[in-house]
Every structure is written in C-alpha cells, then in structure tokens.
Amino acid sequence: LFNTHPPYMFDEDCQFIGVITAQDRANMTKQARCAMRWFLYLLDKMKSQGVYENSMIVLTADTGAGNVYGADDLSSLYAQANGTAPSEFGRLIGGANPVLAIKFPGASGPMENSTAQAQLTDIPRTVCENLQGCTNTEGINLRIDETMGRERTYRYYRWKNEYWSLNHIPGIIQ
C-alpha cells in the first residue's frame, strides 16, 4: 500500500497515471482512498477464504503527515489553508503520529478507537505475544497495556536516496 506516500501517481480509480501530481491534500486524499480500497479488498478476500477471523492484521505508516524540514508537508499546507502559520513544532507533531490499526486474532465486529500511547516500536512485541511464535521484549503489548501512560521517544531524520544501500540511517535526531 505504498501509494499513500509521495510521489502521488495514482488517480481516483487507483490507476497509475505515470506522472507526478502535486503534493496537496486533494491528491493525498485520492492516494489514501485508493490504498484503503485495496486494503478493504484484501480484508474481503481474507473473509471469503475463511482466514480473517483468526488472523492478526497490522495497518501502519512510517510517519504521519508532517515534515519537520519544510512547509510543504500536508500538515503545514492544511494549516496555511485554514489561516494558521505552520511551525516546526506543529510539523513535528504531524510527523510523529502515523496511522496504526491492529485487528487481533479472534476479534470481530467494527474497528474501535483506542487512546493507547502507542509507538511503532510496540508492534513487534504486540505481534509476538499475540501470535506466540516469537519473543520480543522491546516496547509494550498494545492489547494488554493500552491504557498505560508513558513517555514516547520520537526520532527523525532527513531521508536521502543513498540510505537505501546502508544498514543504518545516519544523522537520526531524538
């Protein structure tokens, strides 16, 4: 489901259009609807195959809609369109809030909202403890500890294409 990430190159019918469109809320919305359409298709397929009920499904993103390095991110563009000046702190908050949705094995019915103070590093422990196929002691199990208050650490960096070939990302800021 990478089509929610710039560059935006899909139309409202999820068709690849071969050109980069503007990085704005309208095009991001098209990409997000397209991604959700495919995700819902996957869920329907799992249900028709009889594997949905006992599956654990994690839907997540690498970041939220903020970009601490510039005012061209969706958080800043939305703020500007509504008469508010974007700030570095606002962009940091926008980038630090990625989508995270988890369907646990045996869960049914509509998805519910959680106020858990989750972070992406909680996913491995949550998956391991709920599927019982591995061990991971980092983070918390979001199924058990969802009301636990905690301090979360946010790390960010400016991505460069040469990082694809490295085994680490240099210059991470905490």
Stokes-Einstein diffusion coefficient of segment 104-174, Kirkwood radius over Cα pairs, 4 °C, 1.567 mPa s, in µm²/s: 88
Phi-based couplings in Hz for segment 151-157 (Karplus 6.51, -1.76, 1.60; Gly and Pro marked x): 8, 10, 9, 10, 10, 9, 7
Under 22 Å from LYS103, Cα to Cα: lysines that are on another chain or at least 8 residues apart: LYS45, LYS47
Calculated FRET value between GLN49 and LEU131, using beta carbons and R₀ = 22 Å, to 0.05: 0.75
Isotropically averaged projected area of segment 10-53, using the convex hull of Cα atoms (one quarter of hull area), nm²: 3.6
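Only the coordinates and a few stated rules stand behind these numbers; no lab work does. None of these values were measured; they are calculated from a predicted model. Because the Cβ atoms are built from the backbone with ideal geometry, glycine has one as well, and the counts that use them run over all protein chains shown.
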